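Colleague: Take this structure first; my questions come after.
The values are calculated or read from the model by the stated rules, or taken from the named source; none is laboratory data. On a predicted model such as this, the values are computed, not experimentally measured, just so you know. Cβ sites come from the backbone with ideal geometry, for glycine too, and all protein chains shown count toward neighbours.
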Amino acid sequence: MSSRIWIEEADAVLVSGEQAMVYLNGQISAGIESLVLGQAQRSLLLEPDGTLIAPLGVQKLGENDYALFSPFGTGVEVQKRLERFRLRTKVSFAFRSGCTLHLSGGSEVETAELSRIVDHKIDGSASSPQRQVGEIFVKEHYFTVGGSEIAGFLSDVEFFDRSMTARILAGEPAWGFEITAGMNPMELGELYIRSSADFSKGCYTGQELIARVDSRGYRTPRRLSNFLIRFLDRESTTLDGLEFDVDGKPAFTIASYRYYDRSNCGIALGFIHRLGGEYFAKVSTGLCDVYSVELGTLDKALESAQR
């Protein structure tokens, strides 16, 4: 697998005050007590019923100062939600723009080297812990500056990629595609939730749904998946629909799609639906065969498709 870097624009809500850590710990899914200066952690901001408001990156800026990075366009809702439960708490909020830089590599060493390059080129980057998604490793860096500025710092990095293709290959869901307001976050799967929620800390708003589904084994009606599309007509490159049915019921829903000419296949990210108690591995139409692929293993599936 080749190394990949891509950028997503973000909103940043700055949280300050002597009770900032305690307050945030009761509102977001991640535990942040152990964060050191400059470190970041993935998290979720939830409604009381457990549905999603926005995914977050939480960066410690100072002793009583944090930045909450959320997808571009969601910062206002994040701030409103945090202010709603602030009663008599010594904490304040401010808003600014930012960006998230995603790194992916085929090994821990490879991803760590990407992170080292970013740290060397860009002063003051804050990274989240490295995590494994399928057969790849992923890490994020967060910045309270825009994506174009960060791209400028990395303009001489050969593997730099701002495309959706890199994100699909890495099995990383994105806002407005696989992640949306009001969804059940557990549909993103155990790996995503386990990297974004602390199951040993105290209570936080929206915790009940997370805890209940985790204890029952993530048997949600649908779950996030990669897809490989093999066209029956070798000249085809586009899908004629994003829903693939079995007996009139949706089995696969495509959210992000790109044609991958290196393998003459389509690659996608979306959801598989549980039908009759099981998830289907393949759906065939008169135009293509669509295979569900475990998150982060598309590179391996593409190698097989080339043979």
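Colleague: Any idea which residue in the stretch 180-190 is nearest to P221 (Cα to Cα), counting only those that are in a helix (DSSP H, G or I) and modelled with pLDDT of 95 or more?
Modeller: Kept after step one, since they are in a helix (DSSP H, G or I), are these residues of the stretch 180-190: 185-188, 190.
Going one step further and asking which of them are modelled with pLDDT of 95 or more, we end up with 185-188.
Details: P185: 12, M186: 10, E187: 8, L188: 11 Å.
Ranking the candidates gives E187 first.
Colleague: Moving on to the next point. Return only the number of the condition from (1) modelled with pLDDT of 95 or more; (2) in a strand (DSSP E or B); (3) touching a helix residue (DSSP H, G or I) at 6+ places or on another chain (Cβ under 7 Å) that P55 does not satisfy.
Modeller: The number of the failed condition is (3).
Colleague: Does the stretch 1-44 hold any residues that are within 18 Å of the chain's Cα centre (by Cα) and farther than 21 Å from Q130 by Cα, and which are they?
Modeller: If the condition is that a residue be within 18 Å of the chain's Cα centre (by Cα) and farther than 21 Å from Q130 by Cα, then D11, A12 are the ones that fit.
Colleague: Determine the pairs where a residue that is more than 12 Å from L224 (Cβ to Cβ) and among the hydroxyl-bearing types (S, T, Y), located within the stretch 266-290, has a partner that is part of a strand (DSSP E or B) and at pLDDT below 95 with Cβ atoms under 6 Å apart, the partner being 6 or more residues away or on another chain.
Modeller: Listed by first residue and then by second, the contacts come to nothing, as the list is empty.
Colleague: Return the total of residues in the stretch 226-257 being modelled with pLDDT of 95 or more and hydroxyl-bearing (S, T, Y).
Modeller: The qualifying residues number 3.
Colleague: Any residue at all in the stretch 139-149 that's of a type in the set (D, E, K, R), assigned by TED's automatic domain parsing to the domain that holds S43 and farther than 18 Å from G106 by Cα? Outline the logic, then answer.
Modeller: Filtering the stretch 139-149 down to residues of a type in the set (D, E, K, R) leaves 139-140, 149.
Restricting the remaining residues to those that are assigned by TED's automatic domain parsing to the domain that holds S43 gives 139-140, 149.
Now drop any that are not farther than 18 Å from G106 by Cα, which leaves 149.
Checked the stretch 139-149: at least one residue is of a type in the set (D, E, K, R), assigned by TED's automatic domain parsing to the domain that holds S43 and farther than 18 Å from G106 by Cα.
Colleague: For the stretch 57-93, how many residues meet the condition of being over 23 Å from E47 (Cβ atoms) and not polar (S, T, N, Q)?
Modeller: Going through the stretch 57-93 one residue at a time, the tally reaches 6.
Colleague: Shifting gears a bit: Which of (1) within 24 Å of R194 (Cβ to Cβ); (2) assigned to a strand (DSSP E or B); (3) not polar (S, T, N, Q) is the odd one out, the single condition G50 does not satisfy?
Modeller: Going through (1) within 24 Å of R194 (Cβ to Cβ); (2) assigned to a strand (DSSP E or B); (3) not polar (S, T, N, Q) one by one, G50 breaks only (2).
This table checks each residue for (1) within 25 Å of the chain's Cα centre (by Cα); (2) under 30 Å from I28 (Cβ atoms); (3) not acidic (D, E).
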| position | (1), (2), (3) |
| --- | --- |
| I229 | yes, no, yes |
| D233 | no, no, no |
| H273 | yes, yes, yes |
| G276 | no, no, yes |
| A281 | yes, no, yes |
| D289 | no, no, no |
| V293 | yes, no, yes |
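Colleague: Another question, then. Answer yes or no as to whether A268 is in contact with an Asp or Glu (Cβ under 6 Å, 6 or more places away or on another chain), modelled with pLDDT of 95 or more and within 15 Å of L295 (Cα to Cα). Write out each step before concluding.
Modeller: Values: in contact with an Asp or Glu (Cβ under 6 Å, 6 or more places away or on another chain): no; modelled with pLDDT of 95 or more: yes; within 15 Å of L295 (Cα to Cα): yes.
No: the conditions fail for A268.
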